[in-house]
Amino acid sequence: MDIKRVKDYFYWLYFQYLLITCSYVLEPWEQSMFHTITVTVFAMVLYTAYVFIPIHVRLAFEFFSQMFGGQPESTV
């Protein structure tokens with residue numbers, strides 16, 4: 001794939017992000033603050049999903065396996 005096309009595609013995605021969030025009307029220092037907060041919140045959501053979703057899936061699996069007649073785990 002051509003490097004210029006990839007660069008243009010990422011520029012287009014960034015431009016779409018600016019349009020969707022309306023951050024293109026902000027001043028440069030406001031844009032940097034907005035982007036910092038947005039990236040921080042997104043990172044916290046990803047981390048929380050990474051930590052807690054497997055736990056909830058395991059607990060739901062145990063609950064439904066016991067509900068539908070699965071053998072309880074041994075406490076030995």
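Of all the listed residues (29, 12), the sole one being in a helix (DSSP H, G or I) and loosely packed, with under 10 Cβ neighbours inside 10 Å is 29. Inside segment 21-34, can you point out the residues that are modelled with pLDDT of 95 or more and among the aliphatic types (A, V, I, L, M)? Residue satisfying the conditions is 33 alone. Close Cβ contacts (under 9 Å, 6 or more residues apart or on different chains) running from residues in segment 16-34 that are without any contact (Cβ under 8 Å) to a residue 24 or more places away in the chain to residues that are outside any helix (DSSP H, G or I) and of a type in the set (Ser, Thr, Tyr) are absent. Starting from residues that are assigned to a helix (DSSP H, G or I) and surrounded by 10 or more Cβ atoms within 10 Å (Cβ to Cβ), keep the ones in segment 15-26 and report whichever is farthest from the chain's Cα centre (by Cα). That would be 24.
The values are calculated or read from the model by the stated rules, or taken from the named source; none is laboratory data. Small disclaimer: the values here were computed from a predicted structure and weren't measured. For neighbour counting, all protein chains shown are included, and Cβ atoms are generated from backbone atoms with ideal geometry for every residue, glycine included.
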